[in-house]
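Asks: I'd like to ask you about the structure that follows.
The values are calculated or read from the model by the stated rules, or taken from the named source; none is laboratory data. Every value quoted in this text rests on a predicted model; they were computed, and no experiment measured them. Reconstructed Cβ throughout: ideal geometry from the backbone, glycine too, with neighbour counts over all protein chains shown. With ligands, DNA and RNA removed, areas are computed over all heavy atoms of the protein, side chains included. Shrake-Rupley method; radii C 1.70, N 1.55, O 1.52, S 1.80 Å.
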Amino acid sequence: EFIEDLFAAFARGDISHVIDAHADDVVMESPVSHTSTLPWAGKRTGRRELVEYFETMATHVRPEAFRDVVFTGSGDRVVVEGCNAGTVVATGESSDHDWVMVFTIRDGEVVRFRHFYDPGDIEVAIWT
């Protein structure tokens, strides 16, 4: 329920609630190799850099609602599978992609957040 609550907060635009649920030293990874094309991708450490992640993504992409979301938890990890579309701000082009997010939780906070996806459709929308 903890991660489901964060997804609900994100959906209603309550990013501060999402940030507050992460540890001060959270490690966030969007491990795709195209960090020059996708400036929000890469590794970030700490809440300040997590805020920068959300700010950077918001200046480039307007995400739409998540779809087909499935939460699976075991021990201190929650895996979330889903998909969503988004519009690239600079081009107005849309993209749609599947993703997997893996959250590690300790003492009621997210300490690690990994976001896996194929950046290909987003890159096409950026360069169209």
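Asks: Quick one: which residues, 5+ away or cross-chain, put their amide H under 5 Å from the amide H of E64? H built at 1.01 Å from N.
Replies: When sequence neighbours closer than 5 places are left aside, the close amide H contacts are A85, G86, T87.
Asks: Hey, another quick one. Under the rule of -39500 (n - 2.57) per DSSP H run of 4 or more residues, summed and divided by the residues of the chain, what mean residue ellipticity at 222 nm is obtained, to the nearest 500 deg cm²/dmol?
Replies: -8500 deg cm²/dmol
Asks: If the chain between D68 and V89 were fully stretched, how many nm would it gain, using 0.36 nm times the residue separation less the Cα-Cα distance?
Replies: 5.1 nm
Asks: Take the Cα radius of gyration of the chain and divide it by 2.2 N^0.38 Å, with N its residue count; two decimals is plenty.
Replies: So the chain has a normalised radius of gyration of 1.01.
Asks: Please give the helix 2-11 orientation as an angle from the longest Cα principal axis of the chain, in degrees from 0 to 90, rounded to the nearest 10.
Replies: 30 degrees
Asks: Find, among the GluC sites (Glu not before Pro) in the stretch 52-118, those assigned to loop by DSSP (not H, G, I, E, B) with at most 16 other beta-carbon atoms within 10 angstrom.
Replies: Those that pass, being in a loop and sparsely packed, are E64, E93.
Asks: Follow-up. Residue by residue, what Karplus-based ³J(HN,Hα) values in Hz, rounded to whole numbers, does the stretch 81-91 have, using 6.51, -1.76 and 1.60 with θ = phi - 60° and x for Gly and Pro?
Replies: Coupling constants for the stretch 81-91: 10, x, 8, 6, 9, x, 10, 6, 4, 5, 10 Hz.
Asks: With a 1.4 Å probe and every protein chain left in place, work out the accessible area per residue of the stretch 1-85 in Å², rounded to a whole number.
Replies: 55 Å²
Asks: Could you go through the stretch 104-111 in sequence order and give the Karplus-derived ³J(HN,Hα) for each residue, using 6.51 cos²θ - 1.76 cosθ + 1.60 with θ = phi - 60°, rounded to whole Hz, and x for Gly and Pro?
Replies: 10, 10, 9, 6, x, 9, 6, 9
Asks: Points 7 angstrom from Cα along the Cβ direction at F7 and E81: gap in nanometres?
Replies: 1.2 nm
Asks: Given a cut-off of 15 Å, what percent of all Cα-Cα pairs of the stretch 17-87 lie beyond it?
Replies: 66 percent
Asks: In addition: Considering the options Y53, F66, A8, tell which one lies farthest towards the positive end of the dipole of the stretch 1-113, charges being +1 on Lys and Arg and -1 on Asp and Glu at the Cβ, about the Cα centre.
Replies: In the stretch 1-113, that residue is Y53.
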